[in-house]
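Structure first, commentary second.
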Amino acid sequence: MSPALVQFSGGAEWLRDERVTRHAGVFRYEGLEPCLAELLDRSALRYSQRVAAVDRSGHGITYRGLWAAAARVAGGLLDQGVGPADRVVVHFRNGFDWLHAFLGVVLAGGVPVLPDPTCSDAELEWIVADSGAIVLLDGDLPDGVAFLDGGASPDELALLYYVRKCGGGLHGVELSNENILSTIEAVVHAMDLGVGGVRTVITAPLSTAVGCGVQLLPTLSVGGTVVAAGARGIRVPWRHLRASFPTARCVRGWGVAETGGIGLVLPTEFRQRHPRSIGIPFGGMEVALLGPDAERGVGELLCRGPSVARRYWNDPQSTAETFGDGWFRTGDQVQIDDDGFVTQLAVRVS
């Protein structure tokens, strides 16, 4: 007998977004831009004079300056033979070089490949081979005539995160333009970022789904400023962040690369009533439990929604084991209460 799968819908009313509607059984966002490049290009034009990023030494760069530098990187990549949908590995520590490289690949129409920040030199070499990358960016950046690709479609591959998998090794998580844009919309709405002057402290390596998809891209989409903090291989401890940014708003949530970096968020007003919870689903995310105790609210957490990845790159076995009937099996054991709040009991060991 197959283990029971029980879907939970509680909590949706607290972070409801009217732009999310159900299509073919799955929630999707209405009115998204066709691709990440077009969204970011519109943002750069709209907020050209604002400061887009501040590095670890306190130096800032405007949206105009950031896009001009990225467009030259895109032109240099074009000269090296990079074309639409070609993979390019970006391997820098947090800072302007990472931003220029990542955005340059996007503007060139390529697919940024972001390695796990703890990968070894041998693993990085394997990632280059496995992804079929045309170029590895980890030193001097290419420089050419400014270039901006014509754009891509929502279902085309936009980003490839390499993460550690259960049992060892690495595999690539495929995210489409729709996946990434849906994450951006969900974060902007749930965290109320749609106001001028927002500053986001980058607490995680930019090569991770949290650093890139949850912190960087939503901030750039609304004309905010990102402040570098996390390094290439480590996250910044929360106690250090609170000491350095005492007035900042800290957001608790849960997510992995397969869910776009986030899938649950805990609204501030519910922290005291649910101190151990990692949040409730938002942005069209739906959750279910799998296992013999699912009816009692305990089991393996399953997720589906507009930001959930479609498959793993070059790994059909893991894809078959992890993605099925539209659901992503997280491997995490959780408890879900009657109001839809999720509490983590055990995390899948990578």
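Some observations on this one:
- Subset tally (residues that are over 11 Å from residue 94 (Cα atoms) and free of Cβ contacts under 8 Å to residues at least 40 places away in the same chain) for segment 200-214: 1
- Members of segment 62-98 found to be touching a strand residue (DSSP E or B) at 6+ places or on another chain (Cβ under 7 Å), under 23 Å from residue 129 (Cα atoms) and part of a helix (DSSP H, G or I), listed by number: 77, 98
- Note on segment 336-350: residues that are among the hydrophobic types (A, V, I, L, M, F, W, C), exposed (fewer than 15 other Cβ atoms within 10 Å of the Cβ) and in contact (Cβ under 8 Å) with a residue 40 or more places away in the chain total 2.
- Residue match in segment 43-58 (condition: of a type in the set (Phe, Trp, Tyr) and either touching a Pro at 6+ places or on another chain (Cβ under 6 Å) or surrounded by 22 or more Cβ atoms within 10 Å (Cβ to Cβ) (or both)): no
- Residue in segment 132-143 that is most open to solvent (accessible area, probe 1.4 Å), counting only those that are within 15 Å of residue 86 (Cα to Cα) and part of a loop (DSSP other than H, G, I, E, B): 134
- Some residue of segment 119-131 being of a type in the set (Phe, Trp, Tyr), assigned to a helix (DSSP H, G or I), out of contact with any Phe, Trp or Tyr (no Cβ under 8 Å at 6 or more places or on another chain) and within 20 Å of residue 148 (Cα to Cα): no
Every residue, every condition in (1) part of a helix (DSSP H, G or I); (2) free of Cβ contacts under 8 Å to residues at least 40 places away in the same chain; (3) closer than 17 Å to residue 161 by Cβ, yes or no:
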| position | (1), (2), (3) |
| --- | --- |
| 253 | no, yes, no |
| 272 | no, yes, no |
| 280 | no, no, no |
| 299 | no, no, no |
| 302 | no, no, no |
| 308 | no, no, yes |
| 318 | yes, no, yes |
| 328 | no, no, yes |
| 334 | no, no, no |
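A quick yes/no check of all residues on (1) at pLDDT below 95; (2) buried (at least 19 other Cβ atoms within 10 Å of the Cβ); (3) under 24 Å from residue 214 (Cβ atoms):
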| site | (1), (2), (3) |
| --- | --- |
| 127 | no, yes, yes |
| 145 | no, no, no |
| 152 | yes, yes, yes |
| 169 | yes, no, no |
| 179 | no, yes, yes |
| 182 | no, yes, yes |
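Residue by residue, here is whether (1) closer than 20 Å to residue 345 by Cα; (2) open to solvent by less than 10 Å² (accessible area, probe 1.4 Å) holds:
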residue: 269; (1), (2): no, no
residue: 275; (1), (2): yes, no
residue: 282; (1), (2): no, no
residue: 292; (1), (2): yes, no
residue: 302; (1), (2): yes, yes
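The values are calculated or read from the model by the stated rules, or taken from the named source; none is laboratory data. Given the structure is predicted, the values throughout are model-derived calculations rather than measurements. All Cβ positions, glycine included, derive from the backbone under ideal geometry; neighbour counts span all protein chains shown. The accessibility values were calculated without ligands, DNA or RNA, using every heavy atom of the protein model including side chains. Shrake-Rupley method; radii C 1.70, N 1.55, O 1.52, S 1.80 Å.
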